[in-house]
Amino acid sequence: MGTPSAAGGHPAPLPDRSAGDGYLPHAPGYVLNDGPKLITGRFVHEDSFTLARYESTGGYEGLRAALEMTPAAVHDEVRSATLLGRGGAGFPAGVKWGFLPPGKHPYYLVVNGDESEPGTYKDRLLMERDPHQLIEGCLIACYALGLQQCFLYVRGEMALAQERIAAALNEAYEAGYVGRGICGRDFSVDIVMAWGAGAYIVGEETALIESLEGRRGMPRLKPPYFPAAVGLYGQPTIVNNVETLSNLPWLMVNGADAYKGFGSESSPGTRMFAVSGHLRRPGVYEVEHGVTTFRELIYGDNFCRGIRDGHELKMFIPGGGSAPWFFEDHLDLPLEARPVGAAGSMLGSGAIVVMDDTTDAVRAAWRVVKFFARESCGKCTPCREGTTWLEQILRRILDGEGRPSDIDLLLDIGDNISPGPYPVAAHDGADAVPFPPRQTTICPLGPSAVAPVVSTIRRFREEYESKITRRDPIPLEVVPAGAPQ
Amino acid sequence: MTLSDANEAQAAEIIGWFPRPRSALIPLLHLAQAQDGYLTDGAMRRIAELVGATPAEVKGTAGFYEMFRFEPVGTYLVNVCTNISCLLWGGEELLEHACESLDVEVGGTTDDGMFTVEEAECIAACTEAPCLQVNYRYRGRVTPADFDRLIEDLRAGRAGIAGHGVLAQVRQSIPAERLAGVVPPEQAREAPVWLARNDVEAVR
Ligand SMILES: Cc1cc2nc3c(=O)[nH]c(=O)nc-3n(C[C@H](O)[C@H](O)[C@H](O)COP(=O)(O)O)c2cc1C
Ligand code: SF4
Ligand code: FES
């Protein structure tokens, strides 16, 4: 672009994105690379969102397979596949489903399509490019659990996703896949699209439920920890992410054993990762879960092909804006929840943001904190006040008005939101503090705002210090040696 | 101003899909915003009646959500993302360029009422940085020159983007005979019939 990048001062011409690089013009950002494609296989087709294309490429066969089984057997299949939730927490879907209290009908299914975690871009692709796959996933879950009503909550800002889902639902109702007497059986479910109106916090599942009840989207006090106990209208409710549910059609057609043939034992299957930032081939990739490493994903020829020309990695965010940051030393970790958690961060929402050596660590941290300050719902004081203070202090440091005590002040505010040692990567002989953080708040948004601050202070303290102590240079008159005095 | 006849019908249909009318609140507010470009007091009062809330509750809820407006904005709302991935590829400079070339502050509207420029948070297009939305339709990898061209196209009506407030161009509609049936939670205490098939299996 010719102008200096705000993140560093390095000119940022946009990387060339030529045809044949694996990008598909109709699915911006998605890269069709080598590897198993369990949930993005249809993206190659320009009309992948239509019922005609869906049916001609194996669509609704997972539902038919499920309908030949008992609901409990379908649930068992999902449980034995260890399908991990893709919304952030990575909780196994089959186990979560088991939390529904028997007999307390009605149960509801709420689909979380609110994708707004900084760096995350995958649910939108799934909703825009393959809405029928998601609908089929919802139906399979409803059949297994005895749910007659499903609400599909799409982020407000995603007009095209709303359009595609509405059109797909209309087609599916018409064709007898949704509604009364599905596929001629005694199985009946209504799926209704709802949509948000601009609030990141609504992605938190209890806030999502509040929003669906027509209220301000503020998280509910816990316990109960799971809406499976008390959810929508006080009834047992399953909240699942779009990508989680999109796995179900493949899983029902091919079975749990085939599913476990991909990925690692504790993280089977594939997962979508949005890899953005200073890369040669940034993109959204469907990746084998658990076995691929960050290094392969960032540098591999089959993936992002390394940092943009002439530059080196400085740091990366491994799991969305809420995750503590990683560095060079973490590249060989696999994309798997447990080791990433032990190393001090989380895999989160499948969002990896890669920053090169031109990036100003304080500025990058400030931008993420600013997001949380803007999106705090204001229900608890440490988050409402703390995120704003963090943002203002970082801002004044960037403006050259920082005070020597500001670094300690930042850490102290962080400690009020998340007491005790905050999850952070190992550095300079100091051990990693494993994920997750503790919290004085109702939901994890507050603690999330601390992640960029603690991560960058631990690693780049001198960048903070140099900004704080920087003063206008005092001009020196240099007198050449030997010159007359 | 209140809801048009077509929107009254649409509102009644949407309310019928939820076990409780109040759940239709946000979709109905969107309906009103698509109609007028922002939420008028009249529309909010009518929606309050429809969902069984007070006008104050409706306004209080709407105010929580950033997309709802209580005053007119430009025909085209331009949201430039400056969050982390876009920051790395010049999102802030793009926002600056947008403001300079349209001669507005962030949040401001051009004198002719055509454009409002705002700073967006991550809009889930991070690999397409820097990116923006015009009335919630995406443009990715936007250079300043691309931006200027987009504005020209919008002024000339060539971009194919509807006025502010309109989101999906297709609406969900459920034929009455296909609807499985929506009832308040207290009237749906029985397990659905197909769930009983587990017991049949157990007997076998
Ligand atoms: C602040 C916050 C924001 C969240 N945003 C999202 C989101 O946008 N999409 C999502 O699927 N889950 C989000 N989650 C996680 C949800 O609360 C919930 O765990 C998830 O939707 C469950 O689905 P899963 O088990 O299929 O992953 C968020 C959580 C928090 C605390
Ligand atoms: S932590 Fe922040 S976002 Fe979460 S409930 Fe408290 S104030 Fe709201
Ligand atoms: S950071 Fe700009 S779209 Fe995600």
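Please treat every number below as a calculation from the coordinates, not as lab data. Keep in mind that what you see is a predicted model, and the values were worked out from it rather than measured. Quick reminder, even Gly has a Cβ in these numbers, built from the backbone with ideal geometry, and neighbours come from all protein chains shown.
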* Asked: If you take the alpha carbon radius of gyration of the protein assembly as shown and divide it by 2.2 N^0.38 Å, what ratio comes out, to two decimals?
  -> 0.96
* Structure fact -> Taking A:LYS104, A:LYS379 and counting other beta carbon atoms within 10 angstrom, the fewest-first order is A:LYS104, A:LYS379
* Structure fact -> Restricted to the protein assembly as shown, the DSSP antiparallel beta bridge percent, nearest 5, is 50 percent
* Asked: Over its Cα atoms, what ratio of radius of gyration to 2.2 N^0.38 Å does segment B:5-64 give?
  -> 0.99
* Asked: Given the C-alpha centroids of segment B:112-181 and segment B:45-64, what is the distance between them in whole angstrom?
  -> 27 Å
* Asked: How large is the helix-only mean residue ellipticity at 222 nm for the protein assembly as shown, computed as the sum of -39500 (n - 2.57) over DSSP H runs with n ≥ 4, divided by its residue count, in deg cm²/dmol to the nearest 500?
  -> -11000 deg cm²/dmol
* **Cβ-placed point charges (K, R +1; D, E -1), dipole of chain A about Cα centre in debye, nearest 20** => 880 debye
* **Between helix A:406-417 and chain A: long-axis angle, C-alpha atoms, 0 to 90°, nearest 10** => 20 degrees
* For segment A:9-126, what's the relative contact order in percent, using C-alpha pairs closer than 8 Å and at least 6 residues apart? -> 12 percent
* To do: Summarise the long-distance tail of P(r) for segment A:41-260 by giving the % of C-alpha pairs beyond 29 Å.
  => 18 percent
* Asked: Going down the table (A:LYS122/A:LYS370; A:LYS104/A:LYS222; A:LYS122/A:LYS314; A:LYS122/A:LYS379), which pairs top 27 Å between alpha carbons?
  -> A:LYS122/A:LYS379
* What percent do you get for the relative contact order of chain B when only Cα pairs under 8 Å and 6+ apart count? -> 20 percent
* Averaged over all directions, how much area does the convex hull of the C-alpha atoms of chain B cover when projected, in nm²? -> 16.5 nm²
* With no solvent and one point on each alpha carbon, what is the Debye value of log10 I(q)/I(0) for segment B:49-145 at q = 0.15, 0.16, 0.20 Å⁻¹? -> -0.63, -0.69, -0.93
* Asked: Quick one: helix B:91-102 against the long Cα principal axis of chain B, what's the angle to the nearest 10°, folded into 0 to 90?
  -> 70 degrees
* Between segment A:384-417 and segment A:305-353, the Cα center-to-center distance that results, in Å -> 25 Å
* Asked: What's log10 of I(q)/I(0) for segment A:361-470 at q = 0.17, 0.20 Å⁻¹, Debye sum over Cα points only, no solvent?
  -> -0.74, -1.00
* To do: Would you mind pulling out the separation of the Cα centroids of segment A:15-94 and segment A:126-140, in Å?
  => 8 Å
* Asked: What's the angle, to the nearest 10 degrees (0 to 90), between helix A:381-398's Cα axis and the longest principal axis of chain A?
  -> 40 degrees
* **Rounded to whole Å, sorted largest first: equivalent-ellipsoid semi-axes of segment A:241-360, Cα gyration tensor** => 27, 15, 12
* Asked: In a shell of Cβ-Cβ distance under 14 Å around A:TYR225, excluding A:TYR225 itself, what net charge do Lys and Arg (+1) and Asp and Glu (-1) give?
  -> +1
* **Local electrostatic count at A:PRO268 - Lys and Arg +1, Asp and Glu -1, tallied over other residues with Cβ under 15 Å** => -2
* Asked: With a Cα-only, solvent-free Debye model of segment B:99-204, what are the log10 I(q)/I(0) values at q = 0.14, 0.24 Å⁻¹?
  -> -0.71, -1.50
* **Virtual spin-label span in nm between B:VAL193 and B:ASP148, 7 Å along Cα→Cβ** => 6.7 nm
* By DSSP, what percent of the beta bridges with both residues in segment B:47-171 are antiparallel, rounded to the nearest 5? -> 55 percent
